[in-house]
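Here the structure comes first, spelled out in structure tokens, and everything after it is commentary.
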Amino acid sequence: MSPLMFNRKPSPAAGYVWLVGAGPGAVDLITMRGRKALSQADVVLHDDLANPELLQICPAGCEFLYVGKRAGQHSAPQDEINRLLVAHARAGRRVVRLKGGDPTVFGRLGEELQALRSAGIAFEVVPGVTAACAAAAAAGVSLTQRGLASAAVFVTGHECAGKAGPALDREALAQPGATLCVYMGTRSLGALAAQLLAGGHAPDTPLLIVSHASLPSQTIRTGTLESAGELACDITDTPALIIIGAVTAPNRAISPGQSRLQEPAHAG
């Protein structure tokens, strides 16, 4: 089957899977295409970070299956998620796999696409607003501000235990002229900061941590590599995005330490 065929509208009688990015949290940050997929769904497999209010878009009788994954908590095995996607699609159902943020960024999309391709299931990937962009917007910074950063690097705060090949060279990540965006990194921020400092980065390199970006509960913490470990010590189980680099420096003048942002204008 040609890859172009995956973007065609599915037949209502045929099994089909949409892999939809739910965005960073706020309900109205999902795309119109994502909303349309939800409005046609027979079954939705949804993640922990996808706003549950999005399920209200689905038609009456839609089946909801929670398959969330959180560090340190019981998670649905990836093999089981793959099996459910294939089984429901083969039964002729319209399936939405609803993922927080964007499905192509640290969303285990590759495993699910491989399962769908192997089973001959038609699908479409629907992009979403990823956490790094939402965090930058919440903080009022540009990840690639002209004159300061010509690159933005997305990196996970923890690597898969079964990863093949060498470990990530964290010291080489935050180069001059680049902004480092760390996903799922609050637990390992102290160690990451120590690695970057050992690699020659200045102790006063600015950073910020944005929690619950786009939601009324969003907060920003500002600091430096030197203070990074203390900055995240009490939010290790909170969904957050860490931005490291010169583009975050203007936030120091706004709110040193921790600050709670006003409710976003779109909320409510």
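Readers should treat all values here as calculations from the given coordinates under stated rules, not as data from a laboratory. These numbers were taken from a predicted model, which means no experiment stands behind them. Please note: Cβ atoms are built from the backbone with ideal geometry, for glycine as well, and neighbour counts cover all protein chains shown.
Using the number of other C-beta atoms within 10 angstrom as an exposure proxy, rank 124, 111, 53 with the fewest first.
Going from sparsest to densest Cβ surroundings: 53, 111, 124.
Modelling each spin label as a point 7 Å along the Cα-to-Cβ direction, I'd like the residue 118/residue 217 distance in nm, to one decimal.
Inter-label distance under the simple model: 3.7 nm.
Between residue 156 and residue 238, what is the label-point separation in nm under the 7 Å Cα-to-beta-carbon projection?
Using points 7 Å along Cα→Cβ, the separation is 2.4 nm.
Could you work out the relative contact order of the range 3-126? I mean the mean sequence separation of Cα pairs under 8 Å and 6+ apart, divided by the number of residues, in percent.
Contact order relative to length: 41 percent.
I need the phi-derived Karplus couplings for the range 140-151: 6.51 cos²θ - 1.76 cosθ + 1.60, θ = phi - 60°, integer Hz, Gly and Pro marked x.
x, 10, 9, 5, 10, 4, 4, x, 10, 9, 9, 8
How high is the FRET efficiency between residue 36 and residue 63 when r is their beta carbon distance and R₀ equals 22 Å, given to the nearest 0.05?
In this case the efficiency is close to 0.75.
Relative to the present Cα-Cα distance, how much length would full extension add between residue 227 and residue 111 at 0.36 nm per residue of separation?
That pair, residue 227 and residue 111, stretches by 38.1 nm at full extension.
Semi-axes of the equivalent ellipsoid for the range 3-126, please: Cα gyration tensor eigenvalues, times 5, square-rooted, ordered largest first, whole Å.
Semi-axes from the Cα gyration tensor: 20, 17, 14 Å.
Per residue of the range 62-67, what does 6.51 cos²θ - 1.76 cosθ + 1.60 with θ = phi - 60° give for ³J(HN,Hα)? Whole Hz please, x for Gly and Pro, Karplus curve as stated.
5, 9, 10, 10, 7, 10
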